[in-house]
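Beneath this line is the structure, given in structure tokens, with notes to follow.
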Amino acid sequence: QIRDRQSSQVQFSQNKQSTIALYPVQLGSSKVGVLWIDYDLSKRKKAAYEDALAKSLVFCASLALLCILIWLFFQQTLMKRVQRLVETTDSLARGNFGNRTRLAGTDELAQISIAFDRMADKLQTYTEALQKNERQFRSLVSNIPGAVYRCACDRNWTMEFISQEIISISGYPAADFIGNRVRSFASIIHSDDVDLVETMVNQGVENCQPYAIQYRIVKIDRSI
């Protein structure tokens, strides 16, 4: 049949371990036979598999190394930018309003940096205004001939602020009264006047009305 086709044919063997080539042989115009070539592929297949495996391992190793390098690059780049943002945040928390992140780029961190710097600008402006108002307030309070104070409306009337004039009135430093750390203001009121003061203060607060009370205090030298 091969001879009659007068054409070559190449095919795999059934076990795929060799190739078989069939060529018709002619002598003049006569078909006299068939040339059968059986070529063993096992060695070449083994060599090809080993070569493919080696190339695959080299490719995988190169790809893994490239991924690691890319990861390290982005980690260093991103971490530095994130660290800059964190350092600026900590600086603001410590009251240093002069630092800004100013991260360049168009990525998300850069956009966050821009928004953060805008917020820091507003916070700095607001804080400076508060500090200026506080300086003006303290300057005003220091010139008032009397103790100016602000306390919480809690059970102990915890002192939040009291001017330095309290020293000349009572002899006790103002810091002793802040937060009732050392003593409360009620503790220096004469014991005979405590109930009167408490009653009138409570009535004034409940009715949201101003009040005036005359009472005695016990100074640091125990004089009244």
### Query
Relative contact order for segment 32-127: what is it in percent, counting Cα pairs under 8 Å that are at least 6 residues apart?
16 percent
#### Entry: Accessible-area value, residue 176, 1.4 Å probe, nucleic acids and ligands omitted, Å²
30 Å²
### Message
With +1 on the Cβ of every Lys and Arg and -1 on the Cβ of every Asp and Glu, and nothing else charged, how large is the dipole of segment 73-224 about its Cα centre, in debye rounded to the nearest 20?
### Response
640 debye
### Task
Rounded to the nearest 10 degrees, what's the angle between the helix 108-142 long axis and the longest principal axis of the chain, both from Cα atoms, 0 to 90?
10 degrees
### Summary
In nm, the gap between the two label points placed 7 Å beyond Cα toward Cβ at residue 21 and residue 191 is 12.5 nm
### Query
Among 205, 215, 172, whose Cα sits farthest toward the positive end of the charge dipole of segment 144-224 (+1 at Cβ of Lys/Arg, -1 at Cβ of Asp/Glu, about the Cα centre)?
172
### Between helix 42-93 and the chain: long-axis angle, C-alpha atoms, 0 to 90°, nearest 10
10 degrees
### Query
Counting pairs of alpha carbon atoms under 8 Å apart in space and at least six apart in sequence, what relative contact order in percent does the chain give?
8 percent
### Message
With every protein chain kept in place and ligands, DNA and RNA left out, what is the accessible area per residue of the chain? Probe 1.4 Å, answer in Å².
### Response
74 Å²
#### Entry: Extension gain from residue 181 to residue 209, taking 0.36 nm per residue of separation minus the Cα-Cα distance
7.2 nm
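Once the Cβ-Cβ distance between residue 44 and residue 75 is put in as r, and R0 is 41 Å, what FRET efficiency do you end up with, to the nearest 0.05?
FRET efficiency, residue 44 to residue 75: 0.35.
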### Task
Would you mind checking segment 78-102 for residues with the amide N under 19 Å from a putative spin-label position 7 Å along Cα→C-beta of residue 117?
78-93, 96-102
## Note on the structure
Measuring from the longest principal axis of the C-alpha atoms of the chain, the long axis of helix 194-207 (C-alpha) lies at a number of degrees, nearest 10, equal to 60 degrees
### Query
Taking the Cα-to-Cβ direction at residue 124 and at residue 86 and moving 7 Å from each Cα, how far apart do the two end points lie in nm?
2.4 nm
### Query
Rounded to a whole number, what % of the accessible area of the chain do carbon and sulfur atoms account for, probe 1.4 Å?
57 percent
#### Entry: Low-density loop positions, trypsin sites (Lys or Arg not before Pro), segment 59-113 - DSSP coil, at most 16 other Cβ in 10 Å
94, 102
### Task
Give, in nm to one decimal, the length gained when the segment between residue 66 and residue 132 is fully stretched (0.36 nm per residue of separation minus the Cα-Cα distance).
18.1 nm
#### Entry: Amide H contacts of residue 161 (H built 1.01 Å from N, under 5 Å, at least 5 apart or other chain)
150
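The values are calculated or read from the model by the stated rules, or taken from the named source; none is laboratory data. If you're wondering where the values come from, they're calculated on a predicted model, not measured in any experiment. Counting neighbours? That spans all protein chains shown, and the Cβs are built from the backbone with ideal geometry, glycine included. Just the protein is used for accessible areas: all its heavy atoms, side chains included, with ligands, DNA and RNA removed. Shrake-Rupley method; radii C 1.70, N 1.55, O 1.52, S 1.80 Å.
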